[in-house]
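Structure record follows, encoded as structure tokens.
The values are calculated or read from the model by the stated rules, or taken from the named source; none is laboratory data. What you see is a predicted model; the values in this text were computed from it and never measured. Cβ sites come from the backbone with ideal geometry, for glycine too, and all protein chains shown count toward neighbours. The protein model used for the area step is the full one, side chains on, heavy atoms only, and it has no ligands, DNA or RNA in it. Shrake-Rupley method; radii C 1.70, N 1.55, O 1.52, S 1.80 Å.
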Amino acid sequence: MKNTILIIALMFSFGVFAQDIAPKFEKDGEMVKATYFHENGEVAQVGHFLNQKLEGEWKMYNEAGKKIAMGSYINGVKTGKWFFWEGNGLKEVDFYDNEIANVIQWNNSEAVVLNK
């Protein structure tokens with residue numbers, strides 16, 4: 001199970017650089033806000049870079065614009081709680097030093113709300 005989540009997490013990490021439509025970069029204080037797009041023009045990922053490393057909260061969306069993952073980076077390293085939406089379920093993955101430390105599977109009968 002942890003291996004499946006790790007593979008999904010790695011796909012999202014590498015997916016940052018695998019978009020076909022030109023990404024949009026904007027200065028945001030000391031950071032650079034990056035927006036990546038799917039081929040259909042929908043937003044694929046939104047997050048920030050600091051000193052050319054992923055930093056802060058990143059959100060990922062599918063081609064229909066539905067959020068499929070979100071989590072945070074510190075100095076390019078996944079950290080803290082990440083959330084992965086899969087169908088009617090939600091996986092809560094705790095990262096420690098860029099490695100999976102814990103996984104909790106939530107189902108649709110348990111109310112979990114995270115803003116878009």
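Assorted remarks:
- Verdict on Val112 being open to solvent by less than 30 Å² (accessible area, probe 1.4 Å) and at pLDDT below 95: no
- Every condition in (1) in a strand (DSSP E or B); (2) at pLDDT below 95 is met by Asn40 except one, and the failing one is (1).
- Looking across region 71-100, just one residue is of a type in the set (Asp, Glu), within 19 Å of Gln45 (Cα to Cα) and modelled with pLDDT of 90 or more, and that is Glu92.
- Residues that are of a type in the set (D, E, K, R) and open to solvent by 30 Å² or more (accessible area, probe 1.4 Å) were ranked within region 47-70; the one that is nearest to the chain's Cα centre (by Cα) is Lys59.
- Of all residues in region 27-36 being open to solvent by 40 Å² or more (accessible area, probe 1.4 Å) and of a type in the set (A, V, I, L, M, F, W, C), the one that is nearest to Ile74 (Cα to Cα): Met31
- Meets criteria (open to solvent by 30 Å² or more (accessible area, probe 1.4 Å), at pLDDT 95 or above and of a type in the set (Val, Ile, Thr)) for Val103: no
- Cβ pairs under 7 Å, 6+ apart, first in region 71-93 and surrounded by fewer than 17 Cβ atoms within 10 Å (Cβ to Cβ), second of a type in the set (Ser, Thr, Tyr) and at pLDDT 95 or above: Thr79/Ser72; Thr79/Tyr73; Gly80/Ser72
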